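The values are calculated or read from the model by the stated rules, or taken from the named source; none is laboratory data. Please read all numbers here as calculations on a predicted model, not as lab measurements. Here Cβ is always computed from backbone atoms with ideal geometry, including for glycine, and neighbour counts include all displayed protein chains. SASA here: full protein model, heavy atoms, side chains in, ligands and nucleic acids out. Shrake-Rupley method; radii C 1.70, N 1.55, O 1.52, S 1.80 Å.
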Amino acid sequence: MVTSSLTDTVSGHRPVSVGIVGLGHVGPHVANSLILQGIADELLLCDTNEDKLAAEVQDLNDSTVFAPHRVVVRNCHADYERLAACDVIVNSSGQVTLSAISRTGELFKAIDDVRSYVGRIAEAGFTGFWVNVANPCDVVTREIHRLSGLPANHVMGTGTVLDSARLRTVISLRTGLAPESIQAYMIGEHGNTQIAAWSSISIAGTLLSTLKSRKPYDLDAAEIESTAREGGYVSYHGKQCTEYAIGNAATRIVRAIVHDEHVVLSASVQLNGEYGETGLYISVPCVIDANGAGDIFELKLSAAESEGFKASCSTVKSNYAKLAPMPVEAARKTPVVIPRHRGDDRFE
């Protein structure tokens, strides 16, 4: 872990500093969750919308009175280099309205955003961890890794951490069991091609598939998977955003890193031969601790699940191909000049 910009104030306690880039909607929820769960000691917030950022900093600082311990919230505007001493940076920059139909709708906007500051933060000496929320999560996470110059284990995305929670929630509601008693993962892209690793879902060490002859475990696998996959769009349809769950998903990863939890989550991480893929960021169960993303677990997938996972990987790769080339060196210059992407109708 890097040295925090704070000075130790309590014997035996090393303060935790977390940066958040993008305070439009999800960013403030991540900040609030970090405060209320007592995870961070210092929050450094960046956004180009000065009025919105000032409002969030004011509101969050006021709310720290009710937190488990004192947290300092700092307004860093677009001075991204100030985040270089953070332990973890959460990227939540994007434009949710572009995701109304598909999570890939934010592709060019989100990529342009990270190209404008990740290199600058790297140039300022950042050696901590990136947790990406922005969609399409797997593509943006890979770009952050490329521009940051950090080892792959230092960069991860929320990916299907949230979708796996949705899957467990649906099964919980159908069976009456607590979600904590259910081991279940959505894997693949954080998008329409993600799949439920149904053949690996278990309860108390017993595969759910072996319980299907008994009520209430006689579940419709296709219906459960679809409900979990579409959960985000249910939220978006009613309030034009998702907020609480994704904010807590990002916070869960930050907590796992700064508390060295060795927890297994289905986050977006780089594959290096696992599942037959290399150099690809996509969501699979992996260990997350003080070293970032660690051991990857290869689930025993059915033939249909393997085919679905491969198709999901292909979708992510096709989105990579849409991006305009940008040298790492170009992202570290000031000002950063963003290249145009093929098919980006914002420039038409």
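Quick rundown of the values:
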| read-out | value |
| --- | --- |
| Qualifying positions in the stretch 226-265 - of a type outside the set (V, I, T), over 20 Å from G188 (Cβ atoms), modelled with pLDDT of 90 or more and open to solvent by less than 30 Å² (accessible area, probe 1.4 Å) | G247, A256 |
| Hits in the stretch 54-71 (condition: aliphatic (A, V, I, L, M), more than 16 Å from L23 (Cβ to Cβ) and open to solvent by less than 80 Å² (accessible area, probe 1.4 Å)) | A67 |
| Check on S164, buried (at least 23 other Cβ atoms within 10 Å of the Cβ), at pLDDT 95 or above, under 30 Å from E329 (Cα atoms) and in contact with a Phe, Trp or Tyr (Cβ under 7 Å, 6 or more places away or on another chain) | no |
| Subset of the stretch 25-53 (residues that are within 26 Å of K239 (Cβ to Cβ), in contact with a His (Cβ under 9 Å, 6 or more places away or on another chain) and either open to solvent by 10 Å² or more (accessible area, probe 1.4 Å) or aromatic (F, W, Y) (or both)) | D47, T48, E50 |
| Verdict on S5 being at pLDDT below 95, in contact with a helix residue (DSSP H, G or I) (Cβ under 6 Å, 6 or more places away or on another chain) and open to solvent by 30 Å² or more (accessible area, probe 1.4 Å) | yes |
| Residues that are assigned to a helix (DSSP H, G or I), open to solvent by 20 Å² or more (accessible area, probe 1.4 Å) and modelled with pLDDT of 95 or more, drawn from the stretch 200-209 | S200 |
| Unmet requirement for Y275, which otherwise passes all of (1) on the phi < 0 side of the Ramachandran plot; (2) assigned to a helix (DSSP H, G or I); (3) not basic (K, R) | (1) |
| Residue tally, condition assigned to a strand (DSSP E or B) and under 17 Å from the mean Cα position of the chain (by Cα), over the stretch 149-195 | 6 |
| Inter-residue pairs, beta-carbon under 9 Å, first without any contact (Cβ under 8 Å) to a residue 12 or more places away in the chain and among the aromatic types (F, W, Y) and in the stretch 182-193, second part of a loop (DSSP other than H, G, I, E, B) and open to solvent by less than 10 Å² (accessible area, probe 1.4 Å), 6+ apart | none |
| Failed item in (1) small (G, A, S); (2) within 26 Å of G188 (Cα to Cα); (3) open to solvent by less than 20 Å² (accessible area, probe 1.4 Å), with G94 passing the rest | (3) |
| Members of the stretch 221-235 found to be farther than 19 Å from A178 by Cα and not aliphatic (A, V, I, L, M), listed by number | E223, S226, R229, E230, G232, Y233, S235 |
| Residue in the stretch 291-310 that is touching a helix residue (DSSP H, G or I) at 6+ places or on another chain (Cβ under 8 Å), open to solvent by less than 10 Å² (accessible area, probe 1.4 Å) and part of a helix (DSSP H, G or I) present | yes |
| Qualifying residue in the stretch 71-80 (condition: closer than 29 Å to D289 by Cα, assigned to a helix (DSSP H, G or I) and touching a residue at least 24 places away in the same chain (Cβ under 8 Å)) | yes |
